[in-house]
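Contents: one structure, followed by commentary.
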Amino acid sequence: MPVIISIVNQKGGVGKTTTAVNLAAALAEAGKFVLLVDLDPQGNATSGLGIKYQELEKGLYHALMASERLHDVTLNTSHAGLRVVPATPDLAGANVELVNVEGRERKLSEILTEVKHAYDYIIIDSPPSLGLLTLNGLVAADKIIIPVQAEYYALEGLGQLLKTIDLVRENIKPDIEVLGAILTMYDSRNRLSDEVMQELYKYFPNTIFRSVIPRTVRLAEAPSFGQSIFHYEPRGKGAKAYERLGRELLDYFERY
């Protein structure tokens, strides 16, 4: 069975989508079969892999609403072994349309059962909010990764997110686990980055990834070209950082 990992942080601009796209690409580059699920109505994970989501007729929304099979809306990417379930503009309406649906928090989990046998890893890019779509991403996941940027307000709202995860664990999915936090936009020249790292240990004493994602212009540029960092600058610091993160993740699951 695959490992389903949700990349979650309700704050925007923390490198969440960058991490989802490039971690998925790193696992695919390592020879794994990976599905990236774009659960964010902004569609950044979709466009970040070169797919013009505004022009798509079908996507994750249609699978959630049971008008299409998930397999039929899944697309190939330029990475061998990496496929994506795209977001389309319709997905923004799902938060409202699912409210009165029975088992609304399990819809993503249900449709993933149709395809998950075909993959080693499923990565979910959740929206920057704690709404119904993010709740679906949490319930569908086995593990959670929380990107935290090395900025002054980095830890703002983190306690609320962890409380939400605890509520999901207590009421819906007892075995969900926070795999760890990953520090993004790290600048070794900036003392603040080290201070944020130390503060993170208070929240995650045993679960911070050793891999740290640096602040680089190339990582910020790559999505505008519709490429992962592995295709945009394969030998740069960003690619090496996400390659290390992918290897760290693979090593973890090989041990357990």
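Here, each number is a calculation from the coordinates, and none is a lab measurement. Worth saying up front: this structure is predicted, and the values here are computed from it rather than measured. Neighbour counts are summed over all protein chains in view; Cβ atoms, including those assigned to glycine, are modelled from backbone coordinates with ideal geometry.
Odds and ends about this structure:
- Segment 147-173, subset of a type in the set (Val, Ile, Thr) and in contact with a helix residue (DSSP H, G or I) (Cβ under 7 Å, 6 or more places away or on another chain), residue surrounded by the fewest Cβ atoms within 10 Å (Cβ to Cβ): 172
- Residue within segment 162-173 that is under 26 Å from residue 84 (Cα atoms) and within 17 Å of the chain's Cα centre (by Cα) present: yes
- Condition broken by residue 144, with the remaining ones in (1) under 30 Å from residue 105 (Cα atoms); (2) in contact with a His (Cβ under 9 Å, 6 or more places away or on another chain); (3) not basic (Lys, Arg) satisfied: (2)
- Residue satisfying all of: in segment 226-242; in contact (Cβ under 8 Å) with a residue 40 or more places away in the chain and part of a loop (DSSP other than H, G, I, E, B); farthest from residue 210 (Cα to Cα) among these: 226
- Filter result for the condition that a residue is of a type in the set (D, E, K, R), within 22 Å of residue 44 (Cα to Cα) and outside any loop (DSSP other than H, G, I, E, B), over 169, 218: 218
- Inside segment 94-137, residues that are surrounded by fewer than 22 Cβ atoms within 10 Å (Cβ to Cβ), among the polar types (S, T, N, Q) and out of contact with any Gly (no Cβ under 8 Å at 6 or more places or on another chain) make up a count of 4.
- Hits in segment 172-201 - residues which are under 22 Å from residue 218 (Cα atoms), part of a loop (DSSP other than H, G, I, E, B) and not acidic (Asp, Glu): 185, 188, 189, 190
- So residue 154, is it over 22 Å from residue 71 (Cβ atoms) and either in a helix (DSSP H, G or I) or not β-branched (Val, Ile, Thr) (or both): yes
- Any pair with Cβ under 9 angstrom, 6 or more apart, that starts in segment 67-84 at a residue that is in contact (Cβ under 8 Å) with a residue 12 or more places away in the chain and ends at one that is of a type in the set (Lys, Arg) and in a loop (DSSP other than H, G, I, E, B): 72/58; 73/58; 81/32; 82/32
- Restricted to segment 1-89, the set of strands (runs of 3 or more DSSP E) holding at least 1 residues that are of a type in the set (Asp, Glu) and in contact with a Pro (Cβ under 6 Å, 6 or more places away or on another chain) comprises 34-38.
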